[in-house]
Amino acid sequence: MQGVEIEVLDAALAWMRAQRRVYLVTVVATFGSSPRPPGAMMAVCDDGRFVGSVSGGCIEKELTDRINDTAPAVPERVSIGVEAEQMARFGLPCGGTIELVVEPVQAVDTLQAAVDALTQRRVVRRCLDLRTGSAHCEPAGRDEDMNCNDEQLVQVFGPRWRILVIGANQLTGYVAAMAGMLGYQVMVCESRASYRQNWQDQSVTLLADSPDEVVATLQPDRRTAVLALSHEPNLDDLALMEALRSPAFYVGALASRGNSAKRLDRLRRHFGLDEAELARLQSPVGLPLGGRSPPEIAVSIMAAITAARHRPGAAASTSAEVDGAGPA
């Protein structure tokens, strides 16, 4: 996630600028059950401090001691949970195995480039030569993922997942904050001047064009979610008309079940959407967690989006019933 990555990279940069020896540890493969996915990172300082996680907390301290005891001069691959001795000392409680790359960081420039990409909403790949430890950064596409072979580790940094929200209201503010922590690039479409004037979050891209034009220009892809949260049919329906015809991995709209049925009828009769397109709409939006305050609804929405992102098809049976949570 973007916030976690920045935390790890910032710590590594600060330690290196203080003339400490620093190691970057990256999960490159998992086998069986494991708490952290490929791409998860931690930074290790030669004084025993570490930031981040590669196992959920069960091996970090032991791994830090091991790294500082051996002090590798070039990147090395480490498997945790393979041999009996490792299982006894480092074994994951869940019984899985993780493969790590332990990198003695040679220079700050590529780490700074990764931080810049995260904060400036650009995407870069950091290419690490596993034989020499040298690294460089270059532009990358949003559809690229981390990969590792015998010669090179390629890490991808930057907001590769996007969320477009229609309506700049209180609920949108909570959704935007949570989405940002989860590493999404967040855009808010608000064509009403009075609502734009009240919007405070400067880290979010605020768009003033009509919702259908914004969605058409954005061209949602399989890494894009679209949320209609204005609670005004004349705005939400225009966005949904375009979004449901796109490859967006999640399209949701705030409504009760009754209002959702009315919206489906409007989209069918007035905008010509077919049944397959209408079936993609998640409305009521979010998981049925039972909460009704804006922060609780935001949690349910981001939970549903997370499920759809990691388990395609899961969202179809997990929509929540939310009524009347319009702009504050």
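The values are calculated or read from the model by the stated rules, or taken from the named source; none is laboratory data. Being a predicted model, the structure only gives us computed values, none of them experimental. Cβ: placed from backbone, ideal geometry, glycine included. Neighbour counts: every protein chain shown.
Within segment 244-254, work out how many residues are farther than 17 Å from A304 by Cα and of a type in the set (G, A, S). Within segment 244-254, residues that are farther than 17 Å from A304 by Cα and of a type in the set (G, A, S) number 1. When L206 is tested against (1) farther than 17 Å from Y174 by Cβ; (2) surrounded by fewer than 23 Cβ atoms within 10 Å (Cβ to Cβ); (3) in contact with an Asp or Glu (Cβ under 8 Å, 6 or more places away or on another chain), exactly one condition is not met: (1). Candidates in segment 156-190 are the residues that are modelled with pLDDT of 95 or more and polar (S, T, N, Q); of these, the one that is nearest to the chain's Cα centre (by Cα) is T172.
Which residues, counting only those in segment 107-122, are modelled with pLDDT under 90 and touching an Asp or Glu at 6+ places or on another chain (Cβ under 8 Å)? Answer for segment 107-122, where residues must be modelled with pLDDT under 90 and touching an Asp or Glu at 6+ places or on another chain (Cβ under 8 Å): L118, R122.
Being modelled with pLDDT of 85 or more and closer than 22 Å to N149 by Cα: is that true of I80 here? Explain how you work it out, then say what you get.
Values: modelled with pLDDT of 85 or more: no; closer than 22 Å to N149 by Cα: yes.
When the stated conditions are applied, I80 does not pass them.
Report yes if some residue within segment 53-67 is within 20 Å of S134 (Cβ to Cβ), in contact with a helix residue (DSSP H, G or I) (Cβ under 8 Å, 6 or more places away or on another chain) and modelled with pLDDT of 90 or more; otherwise report no. No, segment 53-67 contains no residue that is within 20 Å of S134 (Cβ to Cβ), in contact with a helix residue (DSSP H, G or I) (Cβ under 8 Å, 6 or more places away or on another chain) and modelled with pLDDT of 90 or more. Applying the criterion of being in contact with a Phe, Trp or Tyr (Cβ under 7 Å, 6 or more places away or on another chain) and at pLDDT 95 or above to the residues of segment 83-104, the residue that is surrounded by the most Cβ atoms within 10 Å (Cβ to Cβ) is E103. Tallying residues that are surrounded by fewer than 14 Cβ atoms within 10 Å (Cβ to Cβ), on the phi > 0 side of the Ramachandran plot and under 24 Å from the mean Cα position of the chain (by Cα) within segment 23-79 yields 2. Kindly provide the set of residues from segment 228-263 that are aliphatic (A, V, I, L, M) and out of contact with any helix residue (DSSP H, G or I) (no Cβ under 7 Å at 6 or more places or on another chain), ordered by number. Listed by number, the residues that qualify are A248, L254, A261. Residues of segment 235-247 that are surrounded by 17 or more Cβ atoms within 10 Å (Cβ to Cβ) and over 17 Å from G167 (Cβ atoms): L244, R245, S246. Is it the case, given these coordinates, that E232 is within 21 Å of I297 (Cβ to Cβ) and surrounded by fewer than 21 Cβ atoms within 10 Å (Cβ to Cβ)? Judged against the criteria, E232 is a match.
Name every residue in segment 125-155 that is assigned to a loop (DSSP other than H, G, I, E, B), of a type in the set (A, V, I, L, M, F, W, C) and modelled with pLDDT of 95 or more, in order of residue number.
Within segment 125-155, L130 is the sole residue that qualifies.
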